[in-house]
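Below is one structure, written out as structure tokens; the observations come after it.
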Amino acid sequence: MKVIVLQDEAAIGQAVGGLFCEAVRQKPDAVLGLATGASPIPAYQHMISQYKAGEVSFRGVTTFNLDEYCGLPEEHPNSYRSFMRAELFGQIDILPENTHFLDGNTADERAESERFRALIEQCGGIDLQLLGIGRNGHIGFNEPAEAFTQEAFKAALTPSTIAANSVYFTDIPMPEYAMTMGVGSILRAKKIVLVATGSAKADAVKAMLEGEITPRCPASALQGHADVTVCLDTAAAALLQK
Ligand code: PGA
């Protein structure tokens, strides 16, 4: 895996957002895998500023998001659909019908998983996937487990994830389940860029890059992918061997 350490979030946003803009300039109908949470926001801000400057258009782009909470109406401000509309889609020229999400409120998780898998395949696969990493080493909502997950499924969130994300839920309790792409589906992306910032991620980053490949650290599966770039700030990189 290629590791890039940058000074701060702004530099990471420019570098990672720049990779996404370049991918779209090279292939205007690119298929992008997108993530939510705090880590991707600087990259999204860079993409928005490049769009506003006329440097890139997302009109031909298709996106697939990694995950969505269960039991939350789509319109709720904390749904990942709402997040993406607020942080990126509402500020660029992407066509809403080309932005795809897992349905967290599906009554048939297996059918929903298969729908998503088939749709990604039909679009030619994901060209460039953006990831964050959880403090416990999760990617998407693939929490530490006994075995690596494959296709999308309904995940029970761990106390660590609930503690990290419940700060965003002020009106209702945070959902305890989410539909998420599996590790197997994530690894099918042609290229992957993972962003981690802050000292709370340092242990997980070390385990991902320098630990054994184990489902106890789902992000360690990325060691088996041929084209992964990891963008870190100095705090997230602090425990790595020099
Ligand atoms: P964060 O979440 O970017 O909000 O830290 C990342 C993740 O949990 O994957």
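The values are calculated or read from the model by the stated rules, or taken from the named source; none is laboratory data. Just so it is clear, the structure is predicted and the values come from calculations on it, not from any experiment. For neighbour counting, all protein chains shown are included, and Cβ atoms are generated from backbone atoms with ideal geometry for every residue, glycine included. The area values use the complete protein model at the heavy-atom level, side chains included, leaving out ligands, DNA and RNA. Shrake-Rupley method; radii C 1.70, N 1.55, O 1.52, S 1.80 Å.
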Taking Cα pairs under 8 Å and at least six residues apart, what relative contact order does the chain come out at, in percent? 25 percent
Please identify the GluC sites (Glu not before Pro) of segment 135-242 that satisfy two criteria: DSSP loop assignment and at most 10 other Cβ atoms within 10 Å. Which are they? E146, E212
Cβ crowding within 10 Å averaged over residues, with 29-41, 217-229, 163-175 ranked highest first: 29-41, 217-229, 163-175
In debye to the nearest 20, how big a dipole does the chain give about its Cα centre with +1 on each Lys and Arg Cβ and -1 on each Asp and Glu Cβ? 620 debye
Connecting C-alpha atoms closer than 10 Å in a GNM of the chain, tell me which of H76, H100, H46 has the biggest fluctuation. H76
So which lysines pass the test for K52, namely a Cα distance under 28 Å, with those fewer than 8 places away in the same chain ruled out? K27, K190, K191
Once you've got the GNM for the chain with C-alpha springs shorter than 10 Å, pick whichever of C231, C21, C123 has the biggest mean-square fluctuation. C123
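Which three semi-axes in whole Å describe the equivalent ellipsoid of the chain, each the square root of 5 times a Cα gyration tensor eigenvalue, listed largest first? The partial results should precede the final answer.
Values: eigenvalues 109, 103, 64 Å².
Each semi-axis is √(5λ); the values are 23, 23, 18 Å.
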Per DSSP H run of n ≥ 4, the term is -39500 (n - 2.57); total these for the chain, divide by its residue number, and report the mean residue ellipticity at 222 nm rounded to 500 deg cm²/dmol. -9000 deg cm²/dmol
So which residue, out of R81, R59, R135, gets the largest mean-square fluctuation from a GNM of the chain using Cα contacts under 10 Å as springs? R59
Segment 1-68 and segment 172-238 have their Cα centres apart by a whole-number Å value of 17 Å
Ignoring ligands, DNA and RNA, please state the percent of accessible area on segment 140-242 from carbon and sulfur, probe 1.4 Å. 56 percent
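Rolling a 1.4 Å sphere over the protein heavy atoms, what is the accessible area per residue of the chain, to the nearest Å²? The partial results should precede the final answer.
Details: 10810 Å² over 242 residues.
Solvent-accessible surface per residue comes out at 45 Å².
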